[in-house]
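The values are calculated or read from the model by the stated rules, or taken from the named source; none is laboratory data. Just so it is clear, the model here is predicted, and its values are computed rather than measured. Cβ placement follows ideal geometry from the backbone for every residue including glycine, while neighbour counts extend to all protein chains displayed. Please note that ligands, DNA and RNA were not included when accessible areas were found on the heavy atoms of the full protein model with its side chains. Shrake-Rupley method; radii C 1.70, N 1.55, O 1.52, S 1.80 Å.
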Amino acid sequence: MELNPPSPDLDDDKEPKSGLTFNLLNLVVGLAIFVWLFGSDILEDDGSTYLYLAIVVVIHELGHVIFGKSFGCFVKEMQVFFLSFISYKPKHNFEGSSWRNIKWSLGVLPLGGVTVFKSRGSDDDADDNNNFEKGGSAMAPAPAHENSPYIEDKPAWQRLLISAAGVLFNFVTFLIVYFSLPIMSEQCRDLLAPLAGMSLVIAFLNILPVYPLDGGSILFALYEMITGKKPSQGFTRVCGWIGFIFIILFFWVFPEWLGGLLKSVFGLFF
């Protein structure tokens, strides 16, 4: 999943401090929520499910990061799992969109990940170029152009590819591992088959046309490519709330369908 707005733990007025940071409160709260959500399953799992999921999420988010940077976007943060408790920020590089400007975070709740891109609307450094009202007058939005570090300034086709990159990376991972299984030893097959299955499941879930999942962002980009207009902020905000409710219901309230999907994938391919 890729997002335009900054994550809650980023201060818009300045870059996050460099070095390693640890948030004990997030860890304690996250572990409490984790036990509440998955308590009965923890005793039945040896931890491998969460390890495979973390690997798949890293691959997925790296797809967003790599494609975003290839189009000149400034990537602020890549976070694996939610409610981050540990982060690492290299020393800031002032020469542009460097890998050293990315904050790398690990969360407690194994419910996906997020890549945060520099956004014109939330960047105080873009004084004269953002389109919020200042001093009682509305500033005219800057035209989209490919050299801007802001993701919303990129052409719709580039934003579509950035949104689809995570799913693409997961699907390619599945294909590479799946077609390599016949030539692997039994131990390697047992080790990597779950990675292939998890990659396919995560790719399928993220391509669902629900915002803020990647499928929703892809639909918005397609709409802009066809009509030449971006969806309004109000519309995307409503879609975001609907998507959030969808995720809560189908991932937390009714998780049985996800387990059934995993079993179906493994039964079909393995």
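For this structure, a couple of remarks:
- SER232 being modelled with pLDDT of 90 or more and either in contact with a strand residue (DSSP E or B) (Cβ under 7 Å, 6 or more places away or on another chain) or not charged (D, E, K, R) (or both): no
- Qualifying residue in region 107-127 (condition: modelled with pLDDT under 60 and open to solvent by less than 10 Å² (accessible area, probe 1.4 Å)): yes
- Test for PHE269: is it open to solvent by 30 Å² or more (accessible area, probe 1.4 Å), under 22 Å from LEU51 (Cβ atoms) and at pLDDT below 90: yes
- Check on LEU200, hydrophobic (A, V, I, L, M, F, W, C), without any contact (Cβ under 8 Å) to a residue 60 or more places away in the chain and farther than 25 Å from ASP153 by Cα: no
- Apart from one condition, GLU146 fits all of (1) open to solvent by 80 Å² or more (accessible area, probe 1.4 Å); (2) modelled with pLDDT of 70 or more; the exception is (2).
- Of all residues in region 211-235, those that are touching a residue at least 24 places away in the same chain (Cβ under 8 Å) and in a helix (DSSP H, G or I) have Cβ atoms under 7 Å from Cβ atoms of residues that are open to solvent by 70 Å² or more (accessible area, probe 1.4 Å) and of a type in the set (Phe, Trp, Tyr), 6 or more apart or on another chain, in MET225/TRP157.
- Just one of the listed residues (ARG159, ARG189) is open to solvent by 40 Å² or more (accessible area, probe 1.4 Å), at pLDDT 90 or above and in contact with a helix residue (DSSP H, G or I) (Cβ under 7 Å, 6 or more places away or on another chain), namely ARG189.
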